[in-house]
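Throughout, read-outs are computed from the coordinates displayed, never taken from laboratory work. What you see is a predicted model; the values in this text were computed from it and never measured. Cβ placement follows ideal geometry from the backbone for every residue including glycine, while neighbour counts extend to all protein chains displayed.
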Amino acid sequence: MKLELRNITKRFGALVANDQISLTLAPGEIHSLLGENGAGKSTLMNVLYGLLQPDEGEILIDDKPVSFSGPGDAMAAGIGMVHQHFMLIPVFTVAENVVLGHEPTGVLGTLDLPAARKLVKEISDRFGFDIDPDAKIQDLPVGAQQRVEIIKSLARNAKILVLDEPTAVLTPQETDELMQIMRDLAKSGTSIIFITHKLREVQQVSDRITVIRLGKVVASPSPKASASELASLMVGREVDLNVKRKAPKLGAETLVIENLTVLDDRSHQMVDGVSFSVHDGEVLAIAGVQGNGQTELAEAILGLRKIHSGTIHVAGRDLTKSTVREVLEAGLGYIPEDRKKDGLVGDFTIAENLMLDGSYSAPFAKGVQIDFEARDRIANELIQEFDIRTPSAETLAKQLSGGNQQKVVVARELSRELKVLVASQPTRGVDVGSIEFIHEQIIAARDSGKSVLIISTELDEVLALADRIAVMYRGRIVGIVDAKTTREKLGKMMAGIAA
Ligand SMILES: Nc1ncnc2c1ncn2[C@@H]1O[C@H](COP(=O)(O)OP(=O)(O)OP(=O)(O)O)[C@@H](O)[C@H]1O
Ligand SMILES: [Mg+2]
């Protein structure tokens, strides 16, 4: 199936999110869509999938104009989309989810459960997905859940698949598997539009690349282009992903964790006797494959999750049994891995989100009242400084692009008075230019004497920031090594292989 988007324009009020975008997709082609946060990638895909109506322009399938009044029409025309936030129902099985489909569209209901089980098995075998039709979604790792999303589209005969940042939440191994699946699908004639901020992935799988900036197509570089060429086409300037940093000047041990044990919601022991400390002026990074207890560790430090045993001290103060508010007031800053769940209130404005934890203290409060003028001034300064792409400080957080939402959380936390910064996946979904900026800010926090704990599954990020690296595997810290440790050795430690 051949797809053409011709001169698509989509406006939100005065903002032109897509400005005369034209794009073609040949059968069996993997076409990567690159662009900085807020460039208009997801908007364009939502237009293609019938979730948004374009103000101008046409969609053509096999040279015939089509119009989609909703995702049902797009699916019926052979277009499938895997959203970044999965639409699966956790307590249902794979096959049940395939019967249900993503959205109430009307094209569904054509599958019954036995047919769905058979189809899931066929598709899974054909592409080596390794998915059991009767497995419950909640028991599957994220990578497998994503394959279920792909199966859902293929079960409805999708010939064009849109993958919007599919790898943001995957482990390196799951990412490799997905790349292989994409190649196999393409070989079988399925076309794929692929969105990612990881340039290495773009180089690995693309047959064609289109770069958009500020809603316009600005370049169609060769798939052989170097990462730095791609980065500068996206951002419109040179990007340096190697943060410059001086040797750390170590101060007191401000964050001290001793023998910490934490259980998950199902009483599994996720953090198992973990001890470490972070000095002022130091970045300690916790490296590890997603799911080895890092999430629960961060939540426990923040007071979001109950501590089973062990202690947490910040600047000598025992915070083991403290509430989130007490922990924040003790001088901890927190960038959560899931900004939608823990970091932002979607229906609040950006200005409101930028002051979430500080509303009861200076500089935002005057006595018992909020000083709106100060709030708006500071919000606008942060929007400038952190390059948050938004029409105004009064825009609702949920209307921002994914990466710009992340920047709001980072700006808020880095602008507070902190002793300790805990940052989980601080650059997830963020474009290369903003990664450079956020990394510089984290190093600046370290150089100003803060204790910084980074939790990241991205080895590139760990190596760019860490003074010391603690590797976590199955709830334990298997080793704390210095920042000069090789990728190979870290990779082995992350896989639980003794180095
Ligand atoms: N429903 C909406 N209402 C108002 N503005 C919107 C809405 N959806 C998107 N926008 C704006 O349109 C622009 C493009 O957003 P889009 O989500 O397409 O960016 P993106 O390229 O996908 O970025 P990212 O890499 O951060 O995901 C942004 O400025 C965003 O704030
Ligand atoms: Mg997007």
Mind checking which aspartates and glutamates have their Cα closer than 18 Å to the Cα of Lys118? Skip sequence neighbours fewer than 8 apart in that chain. Glu96, Asp130, Asp132, Asp134, Glu149
Before rounding to the nearest 500, sum -39500 (n - 2.57) across all DSSP H runs of length at least 4 in the chain and divide by the residue total; then give [θ] at 222 nm in deg cm²/dmol. -9500 deg cm²/dmol
For each pair in Lys152/Lys216; Lys10/Lys216; Lys64/Lys159; Lys341/Lys450; Lys121/Lys152, compute the distance between the two Cα atoms and list the pairs where it is over 20 Å. Lys152/Lys216; Lys341/Lys450
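Let me make sure I get this right: for the stretch 366-499, a, b and c are the square roots of the gyration tensor eigenvalues over alpha carbons, sorted descending. Under 1.5 in a/c it's rounded, otherwise prolate if a/b > b/c, else oblate. Which is it? Mind showing how you got there, number by number?
Numbers: a/c = 2.71, a/b = 2.09, b/c = 1.30.
Since a/c reaches 1.5 and a/b is larger than b/c, the shape of the stretch 366-499 is classed as prolate.
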Let a ≥ b ≥ c be the square roots of the eigenvalues of the Cα gyration tensor of the stretch 193-282; is it rounded (a/c under 1.5), or, if not, prolate (a/b larger than b/c) or oblate? oblate
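Provide the percentage of antiparallel DSSP beta bridges, counting only those with both residues in the chain; round to the nearest 5.
On the way: 44 of 80 bridges.
About 55 percent, rounded to the nearest 5.
With the Cα gyration tensor of the stretch 37-78 giving a ≥ b ≥ c as the square roots of its eigenvalues, does the rule (a/c under 1.5 for rounded; else a/b larger than b/c for prolate; else oblate) give rounded, prolate or oblate? Write out the running numbers ahead of the final one.
Values: a/c = 1.98, a/b = 1.52, b/c = 1.31.
In terms of gyration-tensor shape, prolate.
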Rounded to one decimal in nm, the spacing of the 7 Å Cα→Cβ label points at Ala227 and Asp447 is 2.3
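Express in % the proportion of alpha carbon pairs of the stretch 3-235 at distances exceeding 32 Å.
On the way: 4599 of 27028 pairs.
The proportion of pairs with Cα distances above 32 Å equals 17 percent.
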Whole-Å distance, taken between Cα centres, linking the stretch 425-499 and the stretch 248-303: 13
Which lysines, if any, have their Cα less than 23 Å from the Cα of Lys492, not counting same-chain residues under 8 positions apart? Lys198, Lys484
Mean separation of Cα pairs under 8 Å and 6+ residues apart, divided by the residue count of the chain: what relative contact order is that in percent? 15
What trypsin sites (Lys or Arg not before Pro) does the stretch 309-353 have in DSSP loop regions with at most 14 other beta carbons within 10 Å? Lys321
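Taking the Cβ of each residue in His308, His268 as the centre, tally the other Cβ atoms inside 10 Å and list the residues starting with the fewest.
Numbers: His308 15, His268 11.
By the 10 Å Cβ count, ascending, the order reads His268, His308.
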Round to the nearest 10 and give me the degree value, 0 to 90, for the angle of helix 172-187's Cα axis relative to the longest principal axis of the chain. 10
Show me 370-379, 388-397 ranked by packing, highest mean number of other Cβ atoms within 10 Å first. 388-397, 370-379
Have a look at the chain and give its Rg and Dmax from the Cα atoms, expressed in angstrom. 23.3, 69
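Would you list Arg6, Arg156 from fewest to most Cβ contacts within 10 Å?
On the way: Arg6 15, Arg156 21.
Ordered from fewest to most neighbouring Cβ atoms within 10 Å, Arg6, Arg156 come out as Arg6, Arg156.
What list do you get for Ile193, Ile497 if you sort them by fewest beta carbons within 10 Å?
On the way: Ile193 25, Ile497 11.
Exposure proxy ranking, most exposed first: Ile497, Ile193.
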Could you pull out every one of the aspartates and glutamates with an alpha carbon less than 16 Å from that of Lys321, ignoring same-chain neighbours closer than 8 positions? Glu258, Glu296, Glu299, Glu329
